[in-house]
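Peer 1: Take this structure first; my questions come after.
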Amino acid sequence: MAGLGVGRALGFVAPALLLIGAFLVFPAIWTIYIGVTNYRLTGVEAVSPSVVGLANYTRALNDALFHNALWLTMLFVLGSAILGQNILGFALAWILRRARPAVRRTVEALTLLAWILPSTVVAYLWVAFFDRDTGTLNSILGTTGTAWLIDYPMVCLIVFNTWRGTAFSMMLYSSALQAVPPSQLESARMVGASGWQTLRDVVFPHIRGHVLTNTLLISLWTANDFSPFLLTKGGPNHESETVPVYIYNVALQGGELGYSSAISFLLLLANLLVSLVYLRLLRRRA
């Protein structure tokens, strides 16, 4: 800014600041405001909502369906992000580091394809895969008539999200593994270290920061992911209703915009708390 002057510098960043204000700051403030009202999608409360203070938050703390959504969201994050995408992404990166270039490029292209396809397209492909009558999975297993999305909804969602999101972890770990000195890997091999010992004592100390960063990002993305709605709509009987899906159902199907906004703010606070824990871990590591 010393060369441009404060006025010109602000002129350059003003469009970005306006976009941030319009699409991030204002919606966040508006959500906080609506969260302390009884604002509804239709009816008298839609025209003249009343301030109800913390009533929506008190209701959320005593709402069994909200508690169920929180539990399912944590299960979804643990199964498909922290374990699924993390482990599968690292495994692919570790295996492909010595694969032939043609094999590596093919696997990377197929994995990236799952990541860049629109969520709606991927979701409907998986709905067809899990279909009760003509689904591919039932054809492979010979279990025609098994309704996977009804009988095992969360398992299906975890498998779906792991398959869809592994590409990011794979690319991040592929880059991180390049920072591991080959001489240390060779030394571990020469002294007879097992694969697990090599990973534990040589590889992980070098990529610990990458593991933390990847885990934070994919956990936040998964916790706020709306794609489960495309497969199960939260059913059957709320058995796959994660928090984002619950917010949608409360807001648009139940019409309770005030209550759904309060839950959205609680989800935002949870995201901030996880981010603060991550920053604390990074500072401790530094």
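The values are calculated or read from the model by the stated rules, or taken from the named source; none is laboratory data. Computed from a predicted structure; not experimentally measured. Heads up, the Cβs are rebuilt from the backbone with ideal geometry, glycines too, and the neighbour counts pull from every protein chain shown. Note: accessible area is taken over every heavy atom of the protein model, side chains too, but ligands, DNA and RNA are not part of it. Shrake-Rupley method; radii C 1.70, N 1.55, O 1.52, S 1.80 Å.
Peer 1: Inside segment 15-109, counting only helices (runs of 4 or more DSSP H) that do not spill past its ends, which hold 1 or more residues that are polar (S, T, N, Q) and within 30 Å of Lys233 (Cβ to Cβ)?
Peer 2: Values: elements: 26-34, 44-47, 55-61, 64-77, 86-96.
Per the criteria, 26-34, 55-61, 64-77, 86-96.
Peer 1: Which ones in segment 237-264 are surrounded by fewer than 20 Cβ atoms within 10 Å (Cβ to Cβ) and within 17 Å of the chain's Cα centre (by Cα)?
Peer 2: Tyr248
Peer 1: Just the residues that are open to solvent by 60 Å² or more (accessible area, probe 1.4 Å), under 23 Å from Trp221 (Cα atoms) and of a type in the set (Ser, Thr, Tyr), please, taken from segment 113-158.
Peer 2: Of everything in segment 113-158, those that are open to solvent by 60 Å² or more (accessible area, probe 1.4 Å), under 23 Å from Trp221 (Cα atoms) and of a type in the set (Ser, Thr, Tyr) turn out to be Thr120, Tyr124, Tyr152.
Peer 1: With the requirement that a residue be surrounded by fewer than 16 Cβ atoms within 10 Å (Cβ to Cβ) and either on the phi > 0 side of the Ramachandran plot or hydroxyl-bearing (Ser, Thr, Tyr) (or both), what does segment 202-218 give you?
Peer 2: If the condition is that a residue be surrounded by fewer than 16 Cβ atoms within 10 Å (Cβ to Cβ) and either on the phi > 0 side of the Ramachandran plot or hydroxyl-bearing (Ser, Thr, Tyr) (or both), then Thr213 is the only one that fits.
Peer 1: Pick out the one residue from Ala46, Ala60, Ala14, Ala81 that is of a type outside the set (Asp, Glu), open to solvent by less than 50 Å² (accessible area, probe 1.4 Å) and under 30 Å from Ser169 (Cβ atoms).
Peer 2: Answer to the selection: Ala81.
Peer 1: Does segment 251-286 hold any residues that are modelled with pLDDT of 90 or more and not in a helix (DSSP H, G or I), and which are they?
Peer 2: Residues satisfying the conditions are Gly254, Gly255, Glu256.
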